[in-house]
Amino acid sequence: MGERLFTGFVGAAGYARKVRKALFAALKGKVDAKEVVRASAELNQKIFEKFQEMEVDKRDVVTIEANFEIKDGKIEWDYDSLKIEVFKREEEKNLSKAMEETEKIEKELEKVIEELHHSLEEVEHAMNKLKEVATRMKQEFGKHD
């Protein structure tokens, strides 16, 4: 399989949102947003079934990973690779610090991604302006080879 989804630590109650968010982040610009929503819903259903089998409590902490491929614009999950680690709520005290760090890093990463996106928009705007100037110059002075 070509690509991999990994959620990091997440409360079991919030796994579906995290899966969708992680998949959007991993595939930004590679796949249509509707397909990301469809594929994350499909995976989330499978995860929910696994949670029931594993007797995961909504207060437990989990990590989820799964491999997938993109074929003709469609996301195809390798369900054999689906791995769910569960940290029972009794162990949560041991994980709280790790989760705080993870959340802090995620927020910082989101901020950096947003800044990069903004910078990219500025570069695209500048390139469009340069193209406009070049077009005007060609029209005014003629094209010289």
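FYI, it's all coordinate maths here, none of it is from the lab. Quantities reported herein were computed from a predicted structural model and do not represent experimental measurements. Positions of Cβ are backbone-derived with ideal geometry, glycine not excepted, and every protein chain shown enters the neighbour counts.
Which ³J(HN,Hα) values in Hz, rounded to whole numbers, follow from the phi angles of the range 43-59 under the Karplus curve 6.51 cos²θ - 1.76 cosθ + 1.60, where θ = phi - 60° and Gly and Pro get x?
Going residue by residue, I get 5, 4, 5, 5, 5, 4, 4, 5, 4, 5, 4, 8, 6, 6, 8, 4, 8 Hz, with x marking Gly and Pro.
So for the range 1-87, taking the charge dipole from beta-carbon charges (+1 Lys/Arg, -1 Asp/Glu), which of Phe48, Thr7, Gly29 sits furthest toward the positive end?
Going by the Cα projections, it comes out as Gly29.
For the chain, what is the relative contact order in percent, using Cα pairs closer than 8 Å and at least 6 residues apart in sequence?
About 25 percent, as a whole number.
Measure nothing but the geometry: give the 0 to 90° angle between the long axis through the Cα atoms of 15-27 and the longest principal axis through the Cα atoms of the chain, rounded to 10°.
30
Counting Lys and Arg as +1 and Asp and Glu as -1, what is the net charge of the other residues whose Cβ lies under 12 Å from the Cβ of Glu108?
Here the count lands on -3.
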